[in-house]
Amino acid sequence: MAEKPEEPERGDLASQDDELTLTPAETLRIAVDLPPAAPKEIPEDEAAVAIDDVPVDPGFVQSVIEPTTTSVAIMASRLGTGSTPIQQDGRDAADIPPLPGGQSRRDRLRGEHASQPEPAAMLTADRLLEVNRKTRPGPEGTWQRFVYNVTFRTVNLGDSAKVRARKELDHRIQKQFEGGTRFVPVLTRKGGVGKTTVTTLLGMALADAREDRIVAIDANPDRGTLSERVPKQTRATVRDVVHKAASINGFTDFSALVSRDETRLDILASDTDPLLSEAFDENDYNVVADLTARFYSIVLTDCGTGIVHSVMRATLQRADSLVIVSGGSVDEARLASETLTWLEANGYGDLVRNAIVALNTATQGTNLVKLEEIESHFRSRVREIVRIPYDPQLAAGSVVSWKDLKPLTKLSARTLAALVVEGLPAERD
């Protein structure tokens, strides 16, 4: 008798036809355990060009396929051990300074909250504004503006070359500083070469382009005339500042002792009595300098011709940069060069190498000498030279109106300001 075939177990799918039919609410799931894959050995030639795993950087590449797709930033792999990632501009990533506080918007998703409080510097225009027809500024320049208007603001050719050059110079002058006030003396060993004029022009150019406060101190012991180059608003002098130093509690108190012109340049006058001016010594200057350091970012000092005067010593000890004024004649240029020699012999060689020479071409004898040779001489000793052209308003020796100066005079003053600012330390303890 044949043996009856053995019945399959209920779990055998081959014999359970009724269990192969699934209702729409049921799902067939099969779990398969696979052995771990063996690590793949990468040849050396492939490893050299491999792309490392890097964190997602959603702000760097935007996907154009699907709005919700997460994009990634790809960085070149390190060639060998110990090297740093290379940026597209040729700099190492370690050479690129971080934003204030070590934070960056590219470290997180757009709109995501930061893990720590953000500094105010993170609220930049490029972060907050969408560039479109409303937020993009209109161009400057006659032709550029005409095209912009006749096309109903749809065609923006950008600024003209002249406007771009002006804005670039503004950017250089507007360099920001951290860590206290910067002091810039303006000096020479010969009177009558335009030292006060150069101080006025430099101060106006700085005050006109910058948003912080600029002050010029008249420290000439021989009755300086710096305050006569701006509309007088007070009869106070450096002597009054020294006497009232203890009662000056804020900028409002100090501003009552200075005169301010249209560019917002503040002028602190010297005493009109030469005897009182001579009494203004090193200690008095330090009192005035300490007060101005509380309220101003840049302090210019119109020095006298007495280079061995005690005020000069206090001025040079605080100096971050120097402006040496030279006339266009033989003796004026020689005395300016001797000023540099004296400074080098007395331990101020670094200041000399970082100094700017302002060559005033409005003095007598300028048309008789080779200015190129004077510039060549000073270029071997200082950082840069700037020519100050003749201007009738400056030659009058009276109040200077910045807006009425000739364009070339303004350009020279702004160039001098940019060079001076570039030589000042951006950070200091």
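The values are calculated or read from the model by the stated rules, or taken from the named source; none is laboratory data. Bear in mind the structure is a predicted one, so any value in this text is a computation, not a measurement. Here Cβ is always computed from backbone atoms with ideal geometry, including for glycine, and neighbour counts include all displayed protein chains.
Could you look through segment 175-198, keep only residues that are among the polar types (S, T, N, Q) and in contact with a helix residue (DSSP H, G or I) (Cβ under 6 Å, 6 or more places away or on another chain), and pick out the one that is surrounded by the fewest Cβ atoms within 10 Å (Cβ to Cβ)?
Step by step, filter segment 175-198, then rank; the result is THR181.
Results for (1) touching a Leu at 6+ places or on another chain (Cβ under 9 Å); (2) among the charged types (D, E, K, R); (3) closer than 30 Å to LYS232 by Cα, shown as yes or no for each residue.
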residue	(1), (2), (3)
VAL325	yes, no, yes
ASP331	no, yes, no
ARG353	no, yes, no
GLN364	no, no, yes
SER380	no, no, no
TYR390	no, no, yes
LEU394	yes, no, yes
VAL400	yes, no, yes
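Restricting attention to segment 378-429, the residues that are surrounded by 14 or more Cβ atoms within 10 Å (Cβ to Cβ), over 22 Å from the mean Cα position of the chain (by Cα) and part of a helix (DSSP H, G or I) total 5. Within segment 200-222, none of the residues are over 19 Å from SER321 (Cβ atoms), in the same structural domain as TRP342 (by TED's automatic domain parsing) and of a type in the set (Gly, Ala, Ser).
Listed here are the strands (runs of 3 or more DSSP E) enclosed by segment 174-279 that have at least 1 residues being out of contact with any His (no Cβ under 9 Å at 6 or more places or on another chain) and within 20 Å of ALA396 (Cα to Cα): 214-219, 265-268.
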